Amino acid sequence: MILVTHSIIGSALVHTALSVGGAFTAGVLSHYLFDMIPHWHYHVPKVKEASLRAPGSAPIKLSRALLADIRLVAIDLAFGLALSFLFFDGSWSVIGAGVFGAVLPDLLVGASKFWPQKLLVLHDKFHRWIHTDIRLDDRPMLGITTQAGIAILFVLFFR
Ligand SMILES: [Zn+2]
Ligand SMILES: [Zn+2]
């Protein structure tokens, strides 16, 4: 799922949580759970190429094209944070921890490509294993509406 959707799911689930640690953990778990559902990704060819590289292969170098893709991911993340604080009332630290947990697995996958450290590579393998094999990247209409639908449902139910 894209980071906006992960963020909204995470903040929806945790915004009434009593502890920052609990919110963070629930956010992380929600990431893996929702990555199991077939979903769409926006077009970031260099990020996709990097994320599909064999776990533990040599570190990648920052190119102009990769930086442009990373900028899109950063915008995705910024929207996720902003919408989470907009939609849900609660402690800023709890919501922030929930969103951080909900996006962290993808950030760790990204980090493993620059720094193929043992634990990061292991996490990359786990993320590949749990991530659905069904990608709706070529079906944006279906992919975007389902992800928007999931986000809207979470806002309506948990707000
Ligand atoms: Zn995905
Ligand atoms: Zn993921």
Being over 19 Å from the mean Cα position of the chain (by Cα) and among the acidic types (D, E) is the filter here; which residues of the stretch 132-159 pass it?
D138
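Could you identify the single residue in P105, P59, P45 that is free of Cβ contacts under 8 Å to residues at least 60 places away in the same chain and either within 16 Å of ligand 1 (Cβ to nearest atom) or of a type in the set (S, T, N, Q) (or both)?
Answer to the selection: P45.
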Going through the stretch 8-51 one residue at a time, which ones are closer than 24 Å to L72 by Cβ, more than 12 Å from ligand 2 (Cβ to nearest atom) and polar (S, T, N, Q)?
S11
Among the residues of the stretch 108-141, which ones are free of Cβ contacts under 8 Å to residues at least 60 places away in the same chain, exposed (fewer than 13 other Cβ atoms within 10 Å of the Cβ) and of a type in the set (A, V, I, L, M, F, W, C)?
W115, L119, W129, M141
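Counting only residues that are in a loop (DSSP other than H, G, I, E, B) and either buried (at least 22 other Cβ atoms within 10 Å of the Cβ) or under 12 Å from the mean Cα position of the chain (by Cα) (or both), how many does the stretch 2-18 have? Before the answer, list the steps.
The first filter runs over the stretch 2-18 and keeps only residues in a loop (DSSP other than H, G, I, E, B), leaving 2, 15-18.
With the extra rule that they be either buried (at least 22 other Cβ atoms within 10 Å of the Cβ) or under 12 Å from the mean Cα position of the chain (by Cα) (or both), the set shrinks to 2.
So the count comes out to 1.
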Would you pick out the residues in the stretch 23-40 that are touching a helix residue (DSSP H, G or I) at 6+ places or on another chain (Cβ under 7 Å) and either of a type outside the set (V, I, T) or within 11 Å of ligand 1 (Cβ to nearest atom) (or both)?
A23, F24, A26, G27, S30, H31, Y32, F34, D35, M36, H39, W40
If I filter the stretch 58-65 for residues that are of a type outside the set (F, W, Y), away from ligand 2 (no atom under 16 Å from the Cβ) and assigned to a helix (DSSP H, G or I), do I get at least one hit?
yes
Just to be sure I understand, how many residues within the stretch 141-158 are closer than 20 Å to V47 by Cα and either in contact with a Cys (Cβ under 6 Å, 6 or more places away or on another chain) or more than 14 Å from ligand 1 (Cβ to nearest atom) (or both)?
0
Of all residues being at pLDDT below 95 and outside any helix (DSSP H, G or I) in the stretch 19-57, which is surrounded by the most Cβ atoms within 10 Å (Cβ to Cβ)? Just the residue, please.
P55
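The values are calculated or read from the model by the stated rules, or taken from the named source; none is laboratory data. Small disclaimer: the values here were computed from a predicted structure and weren't measured. Reconstructed Cβ throughout: ideal geometry from the backbone, glycine too, with neighbour counts over all protein chains shown.
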